[in-house]
1. Within the range 125-149, how many residues turn out to be of a type outside the set (Lys, Arg) and under 17 Å from ILE241 (Cα atoms)?
2. Out of everything in the range 88-121 that is within 25 Å of the chain's Cα centre (by Cα) and part of a loop (DSSP other than H, G, I, E, B), what residue ends up being farthest from LEU162 (Cα to Cα)?
3. Any residue that is touching a Lys or Arg at 6+ places or on another chain (Cβ under 7 Å), in the same structural domain as ARG20 (by TED's automatic domain parsing) and of a type in the set (Phe, Trp, Tyr) - is there at least one of those in the range 280-288?
4. With respect to ALA279, is the statement that it is farther than 17 Å from ALA41 by Cβ and at pLDDT 95 or above true?
5. Answer yes or no: is there a residue in the range 162-169 that is among the aromatic types (Phe, Trp, Tyr) and at pLDDT below 95.
6. Looking at the range 183-246, what strands (runs of 3 or more DSSP E) fall wholly within it and have at least 3 residues that are surrounded by 13 or more Cβ atoms within 10 Å (Cβ to Cβ) and of a type in the set (Val, Ile, Thr)?
7. Give just the number: which of (1) of a type in the set (D, E, K, R); (2) more than 12 Å from the chain's Cα centre (by Cα); (3) under 25 Å from VAL60 (Cβ atoms) does ARG319 not satisfy?
8. Cβ contacts < 6 Å: first residue free of Cβ contacts under 8 Å to residues at least 12 places away in the same chain, restricted to the range 418-432; second residue surrounded by 11 or more Cβ atoms within 10 Å (Cβ to Cβ), any location; separation 6+ or different chain. Result?
Amino acid sequence: MTFVIIGGDAAGMSAASRARRLAPDMEIIVLEQTFDVSYSACSMPYNIAEPGIDMENLVVRKADVFIAKNKINLLTGHRVTAIDRGAKKVSGITIEGALFAFDYDTLFIATGAAPVIPQLPGFDRPEVMALKSLAQGKIIKSYIKQHQVKTAVIVGMGYIALEMCEAFEKRQIKTSMVKPGPVFLPWLPSDLADVIYKELIDNGIDIYSGHEIKKIESTDTGVRVVCEDLELDADMVLAAIGVKPCSELAGAAGLELGISDAIAVDPYLKTSDENIYSAGDCADAYHVVTDNKCWIPLALRANRAGWAVADNVCGTPARVPGVAGTSVFKVFSLEVARSGLTFKEAQNAGFDPVENVIESQSRAHSQTDSTPIYVNMVADKKTGRLLGAQMVGNEGVAHRINAVAVALHSKMTVEDFFQTDLAYAPPFGPVWDPLLTAANQLLKKL
């Protein structure tokens, strides 16, 4: 049996490695268009912040290790351009320009996601960069050093944009953020978003929401981001609007695409073709709260789904549970986390949501170094079911959100969650944990 995998990062290499353990004699071919496999993409902003640390430190495992140790036919610099489902063949071109083709019995598409780049004049300039792949991270880090970058404009205000603010400021790069939307962080209640806004301002970040971008043009010293009513000069621009699934190859092959044009898969990660699987940032998933399809690119999901694909290919049916959209990121001294649905998302999903926002403390009141924790919790008024939560604070947020994730996977009610036996010690939290306080206050609305 020949198992061909398109894409050599999280989902692809997880599937390849597990398939080799399960089926020592299987022919496994991995086709990766870049020269980087198995690296920590989420660590790139923090690496860019440290000029003395090589970006290669983020590589978890090099290609030659997979080839020598796992006996995987891993071919880097191989870009697949077509899938012939009838002939069960993939074809493409190498970085040197040579054509290739491989037959498959089972195919796994793990092509990931790509940055969204506005189709506006000037966004193709060399001073304009995006951050998704290791190669892009290397380009940014090299550009900062070679051009002695002192000013930067970030287009967008998502997770990567916020993390890169800190990275730039650590490199003493004066940073401005700009986006067309008028609301700073629309997925957060204003009470929580204001905390993050203040943290950015206090750290010297200039924030410009509600400015429609027209173009990027060259100046004598760098580039200028031109908006309808604003112009921002900088040495470089980071496009951090978001990402989109790399599903064009699958779509061209006639595979069904779903929400956000991600590749549609069933709970076993199988596409609309019984011989083709897909997982990772290019594929959709089921949401544990709504049971509906969603597209939420997550690192853990990609690795877990890669394992499941290998199990299925090797004859052990593996169904992958849905996602809760649990995520956390750092903004200077703040931890920002979420799991499940926001109030608006709950409305759109057909629930009758209620929400509350509480302010608590990260430690017991006797601890002089305690800091505020803000919690927004959402529930369904009809059933009392917990639907989601968002949290902001200087400490104790990143791991607390995991309790919400477990509750969502277990479809707990707010009352059930309020009765959970959470740990307590003064250095780690008040006797009534902030999440329990939020649940108790939300019960009053239910």
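1. Final tally of qualifying residues: 9.
2. Only one residue tops the list, namely ALA110.
3. Yes: the range 280-288 contains one or more residues that are touching a Lys or Arg at 6+ places or on another chain (Cβ under 7 Å), in the same structural domain as ARG20 (by TED's automatic domain parsing) and of a type in the set (Phe, Trp, Tyr).
4. no
5. Taking every residue of the range 162-169 in turn, none turns out to be among the aromatic types (Phe, Trp, Tyr) and at pLDDT below 95.
6. Once the strands (runs of 3 or more DSSP E) in the range 183-246 are filtered for at least 3 residues that are surrounded by 13 or more Cβ atoms within 10 Å (Cβ to Cβ) and of a type in the set (Val, Ile, Thr), what remains is 223-227.
7. Here ARG319 clears every test but (3).
8. Final answer for the pair search is TYR424/VAL431.
The values are calculated or read from the model by the stated rules, or taken from the named source; none is laboratory data. Computed from a prediction, not measured in an experiment: that's the story for all the values here. Every residue, glycine among them, receives a Cβ derived from its backbone with ideal geometry; neighbour counts consider all protein chains shown.
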